[in-house]
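Report on one structure; see the data block that follows.
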Amino acid sequence: MDPRQLFTWLLGPSCTPPALAARLALGLLLSVGIAWAGARRRSLSPSGAYGAVVVGALIFGLGGWIWGLLLVAFFATSSALSHYRAAQKQAVADHFAKTGCRDLGQVLANGGVGVLLAAWYAATGGSQPLLLFAFAGALAAVNADTWATELGVLSRDEPQLIIPGERVPAGTSGAVSRLGLAAAAAGAWFIGFLGLALQALQSVLFVMPWSGRLLWLPLVAGIAGLSGSLVDSLLGATVQATYYCTFCGKETEQPIHRCGRQPLYVRGWHWLDNDGVNLLASVAGALVAAFLGSLALYLQ
């Protein structure tokens, strides 16, 4: 096997057992390196690093290199934005259940749907392009939410709850701002355009026919990602568990506040925390993208 054949066999769209095994091994190596770098930058906790290795290896191995690079792009940009103007964000950190150092729960909430879709894709032999749309939508949703959170809290305008619309302090769960909405849209479109660019690159590298239906990917991912982000805000404003620390005088998503005291329960479902909301937003993004993607495939 010459180098080009090896390259095509390892990174091409083939879903044969040997190719999947080789990609899983390669994905494991790459995920270990990325998780190690993330842990060193304190973007991942120890549990988060282990989770990132598993999630990254499975998505890269079962979905392919395009799926894996989209996941890397999400992690890289979200980690960079977490560190952007971190000192200024510290003023609203008490509101959030978790900060920029992602743990296992956050990793699974953001990447769990992607793992399931990648496994489904591999099981079909890579013959279902609609699953790529769904994966892009799921990833666009969590990317949109992350960009909105990391940049929206820097808005000079006071945000308002998505329902009922009252003005609230920055960082309040379920609050939106114009800057946050713009950041969410940009984060969603970023995943869509990157997915399209990688698909075009794959067609060149592996001399594959180009499918015009993929031109819909940025629009589908943009709409699905923004929809998932709005679902996140809606759940955060209505049914996510919310608490109030009487000692600090602040509302928070944490059942145990950063000050070490147990806050009072205010509203929402006790079992629905921030990770659960992120997971549901990811599911919403995947479903919207699958629906829009099916329309795109029908129109071709």
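Observations, loosely collected:
- Contour excess over end-to-end distance, with Cα ends at residue 127 and residue 215 and 0.36 nm allotted per residue: 29.9 nm
- Largest first and in whole Å, the equivalent-ellipsoid semi-axes of region 152-300 read 38, 15, 14, each the square root of five times a Cα gyration tensor eigenvalue.
- Between the Cα long axis of helix 65-83 and the first principal axis of the chain there is an angle of about 30°, rounded to the nearest 10.
- The chain - charge dipole about Cα centre, Lys and Arg +1 at Cβ, Asp and Glu -1, debye rounded to 20: 460
- Surface share of carbon and sulfur [accessible, 1.4 angstrom probe, percent] for region 49-200: 66
- Under 5 Å between amide hydrogens, built in the peptide plane, is the criterion, and for residue 250 it picks out 245 among residues at least 5 positions away or on other chains.
- Overall Cα dimensions of the chain - principal axes, largest extent first, Å: 68, 42, 32
- For the residues 163, 34, 191, a 1.4 Å probe over the protein chains yields an accessible-area ranking, largest first, of 163, 34, 191.
- For the chain, the longest principal axis of the Cα atoms and the long axis of helix 178-205 meet at an angle of about 10 degrees.
- Among 33, 143, 221 - extreme Cα towards positive end, dipole of the chain, charges at beta-carbon: 33
- Amide H contacts for residue 267 (H built 1.01 Å from N in the peptide plane; partners 5 or more residues away or on another chain; cut-off under 5 Å): 242.
- Helix 46-58 and the longest principal axis of the C-alpha atoms of the chain enclose an angle of approximately 30°.
- Computed over the chain, the per-residue total of -39500 (n - 2.57) for DSSP H runs of n ≥ 4 gives a 222 nm mean residue ellipticity of -21500 deg cm²/dmol, rounded to 500.
- Distances between placed amide hydrogens fall under 5 Å for residue 176 paired with 160, 161, 162, all partners being 5 or more residues away or on another chain.
The values are calculated or read from the model by the stated rules, or taken from the named source; none is laboratory data. This is a predicted model, so every value here is computed, not measured. Here the Cβ is made from the backbone with ideal geometry for all residues, glycine too, and neighbour counts use every protein chain on show. Heavy atoms of the whole protein, side chains included, go into the accessibility calculation; ligands, DNA and RNA do not. Shrake-Rupley method; radii C 1.70, N 1.55, O 1.52, S 1.80 Å.
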